[in-house]
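What follows draws every value from the coordinates through simple rules; no lab data is involved. Here the structure is a predicted model, which means the values were calculated and not measured. Heads up, the Cβs are rebuilt from the backbone with ideal geometry, glycines too, and the neighbour counts pull from every protein chain shown.
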Amino acid sequence: MKKTLLLLALFIGIISVNAQTKEELKTQKAEKQAEADAAQAQANAIQAKIDALPGWRIGAFGTIGGSISGFNNWYSQGTPNNNSGNIGFTVNGFANLIEDKFFWRNALTTNLNWVKLDDRDNPNDDDDFNPTTDVFNISSLYGRNITKTLAISTLAEYRTTLLDNFNDPGYLDVGVGATWTPIKNLIVVVHPLNYNFVFSDEDTIFESSLGAKIVADYTRQIGAVNFKTNLSAFQSYESENLSNFTWTNSFSYTLWKMIGVGFDFGLRSNKQEALNFATTAFENLSPADQLTTEAPTFDNVDNDLQTYWSIGLSYKF
């Protein structure tokens, strides 16, 4: 009986010691966490002062995605023996010089994707990686401050594709006007005097014109989240058919060190590109089909909204 009571007392004592040790460890953890939070708050305050200093701000983040697959005798699909794959990446970079009296903001956005489908039963098929998504945009904005939030500015922006039909078409906007920065990280450009140069082999469809340029860009990092949204619109004074807009968005969330997940999507409306696509399709018809098909024009072409999206691993540069 005495041995049983002794063992019971020893067991209760061990439980009490463990419980006490666990509570002590929790208390120590809470104290250290409070110290770490205070130190992080001080570091954030110092970083905010650094960011407010004049000078260059340089950064970039991007998304990388890809997959490969192989099938043998997979009869439930149309091509039972094939190798396929896709790969793509997005890069959003900036280099901004911020001074007390002026600023110079430079940005690069590119989204490139390739896809491959090799039908091993068809010796004549194309087994190369072919481009699908192809977006390239670079811009440079210079401004002289009038107030803390308003500046007289000039902008040069170039948009094209890199992998297929480089500079065909290509768009170069050059203009002057005002830039408004109502809050940190938000840039709104309104240039009522802007010329939209259009470069293309199809001179009968693509035309340059004078108009107004509007750009809105918001780029920010909140903890592990990076995101950028950019709207670039041109309103032609000559014809609504020559107007266009492009809206791109990029998000990335860092999961471990510099690696995370990213998502990109974009919208575009461009009637000149829609007419060029429809004209090419019409020209590829047989002469007999052309006689029974209405030739596309600005008046009858369907200017469907252009979209793209991609998701994959992200890497914070």
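Quick notes
- Within segment 277-308, being surrounded by 12 or more Cβ atoms within 10 Å (Cβ to Cβ) and within 23 Å of the chain's Cα centre (by Cα) holds for GLN306, TYR308.
- Hey, ARG144 out of contact with any Ser or Thr (no Cβ under 6 Å at 6 or more places or on another chain), loosely packed, with under 15 Cβ neighbours inside 10 Å and part of a strand (DSSP E or B) or not: yes
- From the list THR204, THR179, the one residue that fits, being assigned to a loop (DSSP other than H, G, I, E, B), among the polar types (S, T, N, Q) and farther than 28 Å from LEU112 by Cβ, is THR204.
- Yes/no for PHE197 being among the aromatic types (Phe, Trp, Tyr) and touching a Ser or Thr at 6+ places or on another chain (Cβ under 8 Å): yes
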